[in-house]
Amino acid sequence: MSEQALEERPEARGAEDELPSLLDLAVPLAAHLRLLVIGPILAGLLALGVSYLIAPTFTARTLFLPPQQQQNMAASALASLGALSGLAGAVGGIKSPIDQYVALMQSRSVADRMIDEFKLMSVYDEKYRSEARKELARNVRMVAGKKDGLISVEVDDEDPARAAQMANRYVDELRRLSTQLVLTEAQQRRSFFEGEVAKTRERLTKTQTELQASGFTPGALKAEPRAAAETYAKLRAEVTAAEVRLQTLRRGRADTSPEVQQQQTLLIALRDALSKMEANTGAAPETGYIGKYRDFKYQETLFELFSRQYELARLDESREGGLIQVVDAATPPDRKSSPKRAIIAVVTTLVSFLLLMGAVMARHWWHLASANPLTARKLDSLGAALRHGKRR
C-alpha cells in the first residue's frame with residue numbers, strides 16, 4: 001500500500017502512532033531484562049534469608065464457654081412471694097453480656113498479674129510496666145462469639161509452652177474475678193438479699209427484745225388473737241416490698257410507664273387493705289403489747305422471705321458462678337505462626353520488580369525528555385527555580 005493511501009486512512013495513521021509508543025515502552029524494558037529478572041529474585045532471596053534471623057512466634061489458643069445465667073430455680077419460687085417477686089425480679093434483671101467477660105480479662109489488674117507471674121518485663125525487655133502492658137495487649141487477641149457465646153483467647157509468644165500457659169491462665173483469672181465480683185444475675189440477687197437479711201435480722205432482734213420487755217408470756221400469747229396479728233404482719237410486709245419495688249422501677253422508668261402505674265395501683269390497694277385492717281382491730285400497731293407483737297411478726301415475715309430468696313440466690317450462684325467450661329484448652333503449638341517466610345519472599349520479589357520497572361521507565365523518560373530541546377529548556381527552568389528557592 002502506498003504512502004498516499006496511508007495518509008488517506010486516519011485509522012492506519014493512528015495504528016502507526018500507537019505501535020511506536022508501545023515499542024517505546026518495550027525497548028527499555030527489554031534492554032534491562034536481566035536487571036528486571038535477576039534483581040527481584042535476589043531481593044526475594046535476601047528477604048528470605050533475613051526472615052530466618054527473625055525469632056519465630058508461636059500462637060496458642062484456648063476456647064471456653066463463660067458462665068451462663070441460671071434463672072429457672074429462682075423464677076419457680078418467686079411466684080409464691082407476692083410483692084417480693086417483683087422486687088427480686090428488678091434486682092436480677094441485669095444480664096452480663098459476653099463482652100463484659102472479655103473486658104475483665106483485658107483489665108489492668110489481670111495484665112499486671114500476667115506480667116508478674118510470667119516475668120514479661122524481662123521477656124519483652126521493657127523498662128516500664130506500662131510498656132509491658134502495651135506489648136502484652138499486642139500479643140493477645142480475645143474474640144467474643146456473638147452467635148455461639150464462646151470466647152477465644154490467642155496468645156503469641158516466642159516460647160510455645162509459655163504461650164499455652166498464658167492462654168490458659170486468662171481463663172483462671174476470669175474464674176477468679178467471677179467469684180470476687182458481682183457479675184451474674186444470681187450474684188446480684190445474692191448480694192442484695194444478703195444485705196436485706198442482715199438489716200432485717202437486726203430489726204427482728206430489736207423487736208423481739210421490745211416484745212419480751214413488754215411482759216410477753218406464753219399465756220399472753222395464747223390470749224392474743226394470733227391469726228389476726230400474723231395476717232396483719234404479712235400484709236404490712238407486702239406493703240413494704242411493694243414500696244421498694246416502686247422505688248426500683250422509678251429509677252429506670254418514667255412515672256407514665258405501664259409498669260410503674262401498675263405497681264402504684266398495687267401499692268394503693270395494699271395500703272387500703274392495711275388501713276382497713278388497722279381500723280378493724282381498733283389499736284394502733286405501734287402502741288402497747290399488740291403493736292410490739294405485730295412489729296415482731298412483721299420483721300419475722302420479712303426475715304423469712306428475704307432468707308428464702310438469699311438461699312435460692314446462693315444455690316443459683318454455686319451453679320453458675322464458677323462454671324467456666326473450657327472447650328479447647330491451649331496446648332503448646334508445634335508449628336510457628338510467624339514469620340511467613342514464603343509470603344515475605346514472594347511479596348518482596350513482586351515489589352522489587354515493580355520498583356525496578358518504574359525506575360527503568362523513569363530513566364528512559366528522562367533521557368527522552370533531555371533529548372527534546374523544548375523539554376530540556378523547561379527542565380532547566382524548573383531546576384533554576386528550585387535552586388533559587390533553596391537560596392531563599
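Bear in mind that the values in this text are calculations on the coordinates, not laboratory data. Remember, predicted model here, so these are calculated numbers, not experimental data. Ideal geometry is used to build each Cβ from the backbone, glycine not excepted, and the neighbour counts take in all protein chains shown.
Net charge around Ala329, counting only other residues with Cβ within less than 12 Å of its Cβ (Lys, Arg = +1; Asp, Glu = -1)? Please list the in-between numbers first.
On the way: positive: Arg61, Arg169; negative: Asp172, Asp328.
For residues surrounding Ala329, the net value is 0.
Could you go through segment 254-260 in sequence order and give the Karplus-derived ³J(HN,Hα) for each residue, using 6.51 cos²θ - 1.76 cosθ + 1.60 with θ = phi - 60°, rounded to whole Hz, and x for Gly and Pro?
6, 5, 8, 5, x, 5, 5
Tell me the label-point distance for the pair Ala279, Asp156, using the 7 Å Cα-to-Cβ offset, in nm and rounded to one decimal.
7.8
Filter the cross-link list Lys134/Lys336; Lys127/Lys147; Lys119/Lys340 down to pairs whose alpha-carbon distance in this structure exceeds 32 Å. Walk me through the numbers before you get to the answer.
Details: Lys134/Lys336 22 Å; Lys127/Lys147 41 Å; Lys119/Lys340 28 Å.
Correct reply: Lys127/Lys147.
Along the Cα→Cβ direction, 7 angstrom out, place labels at Ala26 and Ser130. What is the inter-label distance in nm?
It is 6.2 nm.
List the residues whose amide H sits under 5 Å from the amide H of Thr331, counting only those 5 or more places along or on another chain, with H placed 1.01 Å from N in the peptide plane.
For Thr331, the qualifying residues are Arg61.
Using 0.36 nm times the number of residues separating Lys147 and Lys378, minus their current alpha carbon distance, what extension gain do you get?
Length gained between Lys147 and Lys378: 76.7 nm.
Which cross-chain or sequence-distant (5 or more) residues have an amide H under 5 Å from the amide H of Leu150, H modelled 1.01 Å from N in plane?
Hits under the 5 Å cutoff: Gly145.
Using θ = phi - 60° and the Karplus curve 6.51 cos²θ - 1.76 cosθ + 1.60, what whole-Hz ³J(HN,Hα) does each residue of segment 161-175 get, with Gly and Pro shown as x?
With coefficients 6.51, -1.76 and 1.60, one gets 5, 5, 4, 5, 5, 5, 4, 5, 5, 4, 5, 5, 5, 5, 5 Hz.
For Val326, enumerate residues with amide H under 5 Å from its amide H, sequence gap 5+ or separate chain, H modeled in the peptide plane.
For Val326, whose amide H was placed from the backbone, the distant partners under 5 Å are Leu65.
What is the extension gain from Ala371 to Gln208, computed as 0.36 nm multiplied by their sequence separation minus the C-alpha to C-alpha distance, in nm to one decimal? Each step should come with its number before you reach the end.
Details: separation 163, 0.36 × 163 = 58.68 nm, distance 11.31 nm.
Roughly 47.4 nm would be gained on extension.
Note the full-extension length gain between Leu65 and Asp328 as 0.36 nm times their separation in residues minus their Cα-Cα distance, in nm to one decimal.
Residue separation times 0.36 nm, minus the Cα-Cα distance, leaves 93.7 nm.
Please turn the phi angles of segment 38-43 into ³J(HN,Hα) values with the Karplus equation 6.51 cos²θ - 1.76 cosθ + 1.60 (θ = phi - 60°), one per residue in order, whole Hz, x for glycine and proline.
After applying 6.51 cos²θ - 1.76 cosθ + 1.60, I find 6, x, x, 5, 5, 5 Hz.
Given a Förster distance of 22 angstrom, what is the FRET efficiency for Arg308 paired with Glu243, based on the Cβ-Cβ distance and rounded to 0.05? Working shown, then result.
Working: r = 20 Å, r/R0 = 0.90.
That pair, Arg308 with Glu243, gives E of 0.65.
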